[in-house]
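**Student:** Below you will find the structure I want to go over with you.
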Amino acid sequence: MSPALKWIFTLSLVLNLLLAGIIAGQAGRCLFTHSPYRHQREALETLPEDKRQLLKDALNQAERDTGELHEQLSDAGKQASRMLEAEQFDKDAYLAQARHMQALRLQIMRRMSEAVAEVAAQLTPQERAALVRMLHRPPERPLSERLFGRQPPRPPEER
């Protein structure tokens, strides 16, 4: 093998190893350090095993109870999308569909709240504090900010 070919092979090997390391490092960072649910899992681990199982069973039952509502919500969302994409937009029909979707979401939230209440009634104050940490989700940014980025504040005279 010529010296030039050895040099190219060595350089290629080093670059490939460097690239593999970067990819593995980024994958690990995304999987383990930036999980939005990490604090929820940590709070869950503070509960005794029997209480964790109680919570798991209650939430699983609530999800089974609301399965049909989730399907209806999915179908309603598809219908609302079709309404928005239609050649002729019917504002009243779309708003009625949006109200229907809101009612379905409310029913789902009620059932999940009932499940949480059933479990919370059996927990100590410290365990309920852990439950609060589990249920807390980081605030979602406003839709306009997610779509268009953070906008500068409006001047006071425009408010």
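**Student:** Taking the range 125-158 as the search range and keeping residues that are in contact with a Pro (Cβ under 9 Å, 6 or more places away or on another chain) and of a type in the set (D, E, K, R), which one is modelled with the highest pLDDT?
**Tutor:** Step by step, filter the range 125-158, then rank; the result is Glu127.
**Student:** Within the range 102-111, can you find the residues that are of a type outside the set (Lys, Arg) and surrounded by fewer than 17 Cβ atoms within 10 Å (Cβ to Cβ)?
**Tutor:** If the condition is that a residue be of a type outside the set (Lys, Arg) and surrounded by fewer than 17 Cβ atoms within 10 Å (Cβ to Cβ), then Gln102, Ala103, Leu106, Gln107, Met109 are the ones that fit.
**Student:** Counting just the residues of the range 38-72 that are at pLDDT below 95 and of a type in the set (A, V, I, L, M, F, W, C), which one comes out surrounded by the fewest Cβ atoms within 10 Å (Cβ to Cβ)?
**Tutor:** Leu59
**Student:** List the helices (runs of 4 or more DSSP H) inside the range 48-159, counting only whole elements, that have at least 3 residues being of a type in the set (Gly, Ala, Ser) and in contact (Cβ under 8 Å) with a residue 12 or more places away in the chain.
**Tutor:** Result: 67-85.
**Student:** Also, I was wondering about something else. Which condition number in (1) among the aliphatic types (A, V, I, L, M); (2) loosely packed, with under 12 Cβ neighbours inside 10 Å; (3) closer than 22 Å to Leu131 by Cβ is the one that Leu84 fails?
**Tutor:** Evaluating Leu84 over (1) among the aliphatic types (A, V, I, L, M); (2) loosely packed, with under 12 Cβ neighbours inside 10 Å; (3) closer than 22 Å to Leu131 by Cβ leaves (3) as the failure.
The values are calculated or read from the model by the stated rules, or taken from the named source; none is laboratory data. Not measured: the values here are computed from a predicted model. With ideal geometry, Cβ positions are generated from the backbone for all residues, glycine too; neighbour counts draw on all protein chains shown.
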